[in-house]
Amino acid sequence: MKVYDVIVIGAGVVGNSIAYHLSEQNSHDILVIDKSFPLAGTSGSTQAWVWVHTKTPSYYGELSFYSSQLYPYLERKIGDVEYKRTGGIAPFFTEADRERALKLAESQAKVGIDIKVLSREEVLEKEPAFSPNVVGATFSKIDGNVNPFRLLELYTRAAKNNGVEYSFYNAVIDLEKQSEGYLVHSQKGTFKTKKLVIAGGPWTKQIGKFMNLDIPVKLVRGQVLITEPLAPLLNYTIGGIRQATNGEVLIGYSMEEVGYNRRGTLDVIQETANMAISFVPALAHANIVRTFSGVRVVPNDGLPILGEIPGNKNLYLATMHSGITLSPIVGTLMSELITQGETSLPLDPYSISRFNRSRQEI
Amino acid sequence: MDKSVMICRCEEINIDEIETVLKLGAERFDDIKRITRCGMGPCQAKMCFKPVAQLISDYTGKSLSEIPPARARMPLRMTRMSVMASNQDSGSTVKAVFEDGDPDDK
């Protein structure tokens, strides 16, 4: 049986980035295995903000910051993923929030994230279409967005060019630890690998169970509205709304815990339409072409889980809520960890062992 | 058929573009949609689903009955944002959608 150097479970924005970054060294036999096809899950149902400035604690903001810095470099390597560093505006509507905004700016400044707290006039100057009901906003030049469809297609093509093999429509049905390496039992047969990466997004918990691991993640659903292509209306990525390159406006920021249910629901669509109009009144006249809904994985404490799983040599885990934002840095650091055993930024804060520690403390 | 034949009229996607995604391993309409934008335009795959399903069938050898339909999502046809946001009114929103009539008539 062929023995792979690395098998990655999951061809989404996290697994594909790890596979691509590993493949840059051209020295590994790599297989990516996925129960369906890139973009069929979370990576294809996102607004795809590359969002940094409100991410806390500050060390998590810093990781997001570095990742956004890697996007232009990634784009030079794999092609045009329509990454736009538009700058990001997170509006607030009460004076009480201004205090919180100032505190955020102060703490993020310590890790190099420059946040300006804007007055109403400054928000409207930057974004004339925004509602005058806004009280203020936090603003950072570092935020932006990307086209997730282009990103995933180009990761896959670049990895394939570097010799990565893919097996789509092939769910993993069991994992088996061997004296050296792992066996991956799938619908289409069994594969043997020296190193194994779990990057299954919302299926992470089930995959972990194959190894008797309880990976502390939950699922949340997000629903988004898409308008017809509009003339340029928004200049920045706004917390909740962005305008894509082709003119479509994407709106939505909802979180519901409903398992794998990916249906759209009228109540959330209505609330989202209300939000659209209250943020940007001109959107009242826009046509909605489609809504969509996606299931995301969220670690129980909200922060990424990255690294080797203690007690399971050569078994790695990469799971997080903000996969689009973190994709370039996670691919870079995980490939460093897998090939060299150490990383250029410390991954300790993101180890799965933090959950055991907190349990013992309780 | 000539590879330049337009399959998705809304987004102007031809057979050649669809086949490049089939070569990547796509097996469903929605796989092709996300990468090419075929079916993402105003008609929401009402025009292009069947010819794309035929291309998938030709390429993969699956029968047409094995190819799942494009995922349908609300609001099924273009609807004004102000109509969707009308739940402040006492009437049901479904009723409001129909009462508003065709947005193109305004």
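The values are calculated or read from the model by the stated rules, or taken from the named source; none is laboratory data. These numbers come from a predicted model, not from an experiment. Heads up, the Cβs are rebuilt from the backbone with ideal geometry, glycines too, and the neighbour counts pull from every protein chain shown. In case anyone asks, the SASA skips ligands and DNA or RNA and just uses the protein heavy atoms, side chains included. Shrake-Rupley method; radii C 1.70, N 1.55, O 1.52, S 1.80 Å.
In table form, for the structure just shown:
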{"quantity": "Residue within region A:310-321 that is among the polar types (S, T, N, Q), more than 16 Å from A:Gly44 (Cα to Cα), more than 9 Å from chain B (Cβ to nearest Cβ) and in contact with a Leu (Cβ under 7 Å, 6 or more places away or on another chain) present", "calculated": "yes"}
{"quantity": "For A:Val220: the one exception among (1) under 17 Å from the mean Cα position of the chain (by Cα); (2) within 14 Å of chain B (Cβ to nearest Cβ)", "calculated": "(2)"}
{"quantity": "A:Gly200 vs. criteria in contact (Cβ under 8 Å) with a residue 12 or more places away in the chain and open to solvent by 20 Å² or more (accessible area, probe 1.4 Å)", "calculated": "no"}
{"quantity": "Long-range neighbours under 6 Å by Cβ, at least six apart or interchain, first residue among the polar types (S, T, N, Q) within region A:167-188, second assigned to a strand (DSSP E or B) and open to solvent by 20 Å² or more (accessible area, probe 1.4 Å)", "calculated": "A:Ser186/A:Val172"}
{"quantity": "Residue satisfying all of: in region A:150-184; within 12 Å of chain B (Cβ to nearest Cβ) and assigned to a loop (DSSP other than H, G, I, E, B); least open to solvent (accessible area, probe 1.4 Å) among these", "calculated": "A:Asn170"}
{"quantity": "Selection within region B:37-58 - assigned to a helix (DSSP H, G or I) and away from chain A (no Cβ under 14 Å)", "calculated": "B:Phe49, B:Lys50, B:Pro51, B:Val52, B:Ala53, B:Gln54, B:Leu55, B:Ser57, B:Asp58"}
{"quantity": "Flag if A:Arg290 is touching a strand residue (DSSP E or B) at 6+ places or on another chain (Cβ under 6 Å), open to solvent by 30 Å² or more (accessible area, probe 1.4 Å) and facing another protein chain (nearest Cβ under 10 Å)", "calculated": "yes"}
{"quantity": "Any chance A:Thr94 is at pLDDT below 95 and either in contact with a His (Cβ under 9 Å, 6 or more places away or on another chain) or of a type outside the set (A, V, I, L, M, F, W, C) (or both)", "calculated": "yes"}
{"quantity": "Residue check for A:Val197: within 29 Å of A:Phe292 (Cβ to Cβ) and outside any loop (DSSP other than H, G, I, E, B)", "calculated": "yes"}
{"quantity": "Among residues of region B:20-54, those that are within 20 Å of A:Arg157 (Cα to Cα) and surrounded by fewer than 17 Cβ atoms within 10 Å (Cβ to Cβ), counted", "calculated": "2"}
{"quantity": "Matching strands (runs of 3 or more DSSP E) fully within region A:240-299 where at least 1 residues are over 23 Å from B:Gln44 (Cβ atoms)", "calculated": "A:287-299"}
{"quantity": "Residue match in region A:73-82 (condition: closer than 25 Å to A:Ile277 by Cα and hydrophobic (A, V, I, L, M, F, W, C))", "calculated": "no"}
{"quantity": "Which numbered condition A:Ala282 fails, given (1) open to solvent by less than 10 Å² (accessible area, probe 1.4 Å); (2) more than 23 Å from the chain's Cα centre (by Cα)", "calculated": "(1)"}
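Listed here are the residues, each with its yes/no results for (1) among the polar types (S, T, N, Q); (2) part of a loop (DSSP other than H, G, I, E, B); (3) touching a residue at least 60 places away in the same chain (Cβ under 8 Å).
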{"residue": "A:Asn312", "(1), (2), (3)": "yes, yes, yes"}
{"residue": "A:Ala318", "(1), (2), (3)": "no, no, yes"}
{"residue": "A:Ile324", "(1), (2), (3)": "no, no, yes"}
{"residue": "A:Pro328", "(1), (2), (3)": "no, no, yes"}
{"residue": "A:Thr332", "(1), (2), (3)": "yes, no, yes"}
{"residue": "A:Ile338", "(1), (2), (3)": "no, no, yes"}
{"residue": "A:Pro346", "(1), (2), (3)": "no, yes, no"}
{"residue": "A:Pro349", "(1), (2), (3)": "no, no, yes"}
{"residue": "A:Phe355", "(1), (2), (3)": "no, no, yes"}
